1. Hey, Arg92 hits all of (1) in contact with a Ser or Thr (Cβ under 8 Å, 6 or more places away or on another chain); (2) not in a loop (DSSP other than H, G, I, E, B); (3) not small (Gly, Ala, Ser) but one; which does it fall short on?
2. Say whether the condition of being at pLDDT below 95, open to solvent by 20 Å² or more (accessible area, probe 1.4 Å) and either closer than 24 Å to Ala158 by Cβ or touching a helix residue (DSSP H, G or I) at 6+ places or on another chain (Cβ under 9 Å) (or both) is met by at least one residue in the stretch 92-107.
3. Checking Leu60 against (1) of a type in the set (A, V, I, L, M, F, W, C); (2) under 28 Å from Ala163 (Cβ atoms); (3) open to solvent by 40 Å² or more (accessible area, probe 1.4 Å), which test does it fail?
4. On the basis of being without any contact (Cβ under 8 Å) to a residue 12 or more places away in the chain and either more than 22 Å from Ser117 (Cα to Cα) or more than 17 Å from the chain's Cα centre (by Cα) (or both), does Glu206 make the cut?
5. Filter the stretch 127-156 for residues that are within 23 Å of Leu85 (Cβ to Cβ) and part of a helix (DSSP H, G or I); which is most open to solvent (accessible area, probe 1.4 Å)?
6. Just need a number here: residues in the stretch 185-208 that are closer than 24 Å to Ala143 by Cβ, outside any strand (DSSP E or B) and either touching a Leu at 6+ places or on another chain (Cβ under 9 Å) or of a type in the set (A, V, I, L, M, F, W, C) (or both).
7. Phe28 is checked against (1) surrounded by 14 or more Cβ atoms within 10 Å (Cβ to Cβ); (2) out of contact with any Phe, Trp or Tyr (no Cβ under 8 Å at 6 or more places or on another chain); (3) closer than 24 Å to Glu135 by Cβ and fails just one. What number does that condition carry?
8. Under 21 Å from Glu47 (Cα atoms) and under 15 Å from the mean Cα position of the chain (by Cα): does that describe Cys133?
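The values are calculated or read from the model by the stated rules, or taken from the named source; none is laboratory data. The structure displayed is predicted, hence computed values, not measured ones. Here the Cβ positions follow ideal geometry from the backbone for every residue, glycine too, while neighbour counts run over all protein chains shown. Note: accessible area is taken over every heavy atom of the protein model, side chains too, but ligands, DNA and RNA are not part of it. Shrake-Rupley method; radii C 1.70, N 1.55, O 1.52, S 1.80 Å.
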Amino acid sequence: MIRALIFDFDGLILETEMPAYDSWREIFREHGQDLTRELWAEYIGRESGWFEPAAHLESLVEGPFDRAAVQSRRDARKAELVGALETMAGVREWIAEAKTLGLKLAVASSSRRAWVSGHLDRLRLEGWDAVVCREDVERAKPAPDLYLRACELLGVAAGEALAIEDSPNGVASAQAAGLRVVAVPNGLTKGLDLERADCRLGSCAELSLADLLARFR
């Protein structure tokens, strides 16, 4: 029986993945370089710092390169793009329905708490029983630590929780922790290998939560 839902954040609750990629790709193109989707896809779902785009770009560029200035300009552009975003389709409805059904709710994200909590507050997405971020565990996704900690805080067994993820690294993390996983890819991850997920949807608006849970009975 499913007693809890655990949501990824980036690319699932808020579609930050495309702005994160696009803001860097703009900078790369200004320097005559390309940041491929294939390279970026390896990074999706992992912690910040696993791949350093500014350092990678510097290695490709001949001549002077002000890494701090480039990073600052890119971060401002990303903030501009993300600040205009709303929650992804169906997410608010699932959260509301989960509360009605008496399910526990958590977020498990490889991002830092300030980033996740700041946007949850901005979007007025409240009522979480746990929010687990990079600072709370030893290893980020695809390791299972974030999901194991979320289940611990919720007081549920892994088999009683359903993970909602958008990336292969997220799916691998949840399954390594023993959870069943629903893949809901975004524009960047829809072409990636999500076959390991127990279920795949085009968006959270595709099914009511009750209909989704019926698939796992």
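1. Single failed check for Arg92: (1).
2. Keep residues of the stretch 92-107 that are at pLDDT below 95, which gives none.
Looking for residues that are at pLDDT below 95, open to solvent by 20 Å² or more (accessible area, probe 1.4 Å) and either closer than 24 Å to Ala158 by Cβ or touching a helix residue (DSSP H, G or I) at 6+ places or on another chain (Cβ under 9 Å) (or both), one finds none in the stretch 92-107, hence no.
3. Leu60 satisfies every listed condition except (2).
4. Working: without any contact (Cβ under 8 Å) to a residue 12 or more places away in the chain: no; either more than 22 Å from Ser117 (Cα to Cα) or more than 17 Å from the chain's Cα centre (by Cα) (or both): yes.
In short, no.
5. If we filter the stretch 127-156 for residues that are within 23 Å of Leu85 (Cβ to Cβ), which is where we start, we get 127-128, 131-134, 140-141, 146.
Filter once more, so that each one left must be part of a helix (DSSP H, G or I): 134, 146.
Working: Arg134: 31, Leu146: 0 Å².
Going through the qualifying residues, I end up with Arg134.
6. Here the count works out to 7.
7. (3)
8. Details: under 21 Å from Glu47 (Cα atoms): yes; under 15 Å from the mean Cα position of the chain (by Cα): yes.
It is true that Cys133 is under 21 Å from Glu47 (Cα atoms) and under 15 Å from the mean Cα position of the chain (by Cα).
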